[in-house]
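The values are calculated or read from the model by the stated rules, or taken from the named source; none is laboratory data. Because the structure is predicted, anything quoted here is derived from the model rather than measured. With ideal geometry, Cβ positions are generated from the backbone for all residues, glycine too; neighbour counts draw on all protein chains shown. These accessible areas exclude ligands, DNA and RNA; they are computed on the full protein's heavy atoms, side chains included. Shrake-Rupley method; radii C 1.70, N 1.55, O 1.52, S 1.80 Å.
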Amino acid sequence: MPTQSLQIPTADGVADAFASFPADGERHPGVLMYPDGLGIRPVLREMAEELAGHGYYVLVPNPFYRHGPAPVLDLPEHIGEAARPAIFARLMPMIEAHTTDRILPDADAYVRFLTTRPEVGPGPVAVTGYCIGGLLATHTAAAHPGRVAALAAFHAPVGAAGPDSLHRLTARVHFGHAETDLTPEALAELNRTLDAAGVEYTSEIYPGTVHGFTMSDTDAFDPAALRHHWDSLLALLDRAL
């Protein structure tokens, strides 16, 4: 599966990124994939290649490019619980600084770049993301109604996008929540907001999961939940693109 390193011009500089796509020389539907807070690393490359193998052009930007190229943080091969406090002490200031004043112009740049790639077909695109990347994906879909036809977010604080953003969604949506991230009551409230917005969606808690369940390089990894994630994501993309 071809993988290409890329540079995306933004309002604040240049974001490093990579893309994975089929090697058949054809044009394919575009998917913007936001990494989790730990950023671009081997597991994200594996996931992008997996998705590309199903016939998609997958673009993965480094959301924290203002702090340097990926990997922004020096990460161990396996990110266990003992390593997390030191990692998150460095990570949280970057996340807190990544407000909508940065998120939305970056999203414009990423969508513009994705939709003008010669390997990407002329139709609508999709966005997906993990952890904080799921929130970025939600903001991106809300800011580009009509261009983004599918939105998927996993173990992500999507409710933080706010009702105003959720009401702007025109994409088909799948939200896969970790059991430790969202109570049934909070899920019901989120789903009422999506209902009121008229969004076509599935929004569910993946049973027995903890935050980060898709990431095979962390203690949170849940193989069954990852398979459910792929089934849900691929079904969504198949319907929307």
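Checked against (1) touching a strand residue (DSSP E or B) at 6+ places or on another chain (Cβ under 7 Å); (2) part of a loop (DSSP other than H, G, I, E, B); (3) at pLDDT 95 or above, residue 182 passes all but condition (3). Restricting to region 167-212, what's the tally of residues that are of a type in the set (Gly, Ala, Ser) and farther than 22 Å from residue 33 by Cα? So the count comes out to 6.
Is it true that some residue in region 94-103 is among the small types (Gly, Ala, Ser), surrounded by fewer than 15 Cβ atoms within 10 Å (Cβ to Cβ) and under 20 Å from residue 42 (Cβ atoms)? No, that holds for no residue. Looking across region 147-183, the residues that are open to solvent by 60 Å² or more (accessible area, probe 1.4 Å) and of a type in the set (Val, Ile, Thr) come down to 170, 180, 183.
The residues in region 69-93 that are of a type in the set (D, E, K, R) and assigned to a loop (DSSP other than H, G, I, E, B) can be counted, and the count is 3. Note on region 190-216: residues that are part of a loop (DSSP other than H, G, I, E, B) and either surrounded by fewer than 18 Cβ atoms within 10 Å (Cβ to Cβ) or at positive phi (or both) amount to 7. Contact map, region 183-207: first residue closer than 20 Å to residue 225 by Cα, second residue surrounded by fewer than 16 Cβ atoms within 10 Å (Cβ to Cβ) and of a type outside the set (Gly, Ala, Ser), Cβ cut-off under 9 Å, separation 6 or more or different chains; pairs are 187/204; 201/195; 205/183; 205/184. With respect to (1) in contact with a Gly (Cβ under 9 Å, 6 or more places away or on another chain); (2) without any contact (Cβ under 8 Å) to a residue 40 or more places away in the chain; (3) surrounded by fewer than 16 Cβ atoms within 10 Å (Cβ to Cβ), the lone exception for residue 219 is condition (2).
For region 112-166, the tally of residues that are among the polar types (S, T, N, Q), in contact (Cβ under 8 Å) with a residue 60 or more places away in the chain and either over 19 Å from residue 39 (Cβ atoms) or in a loop (DSSP other than H, G, I, E, B) (or both) stands at 1.
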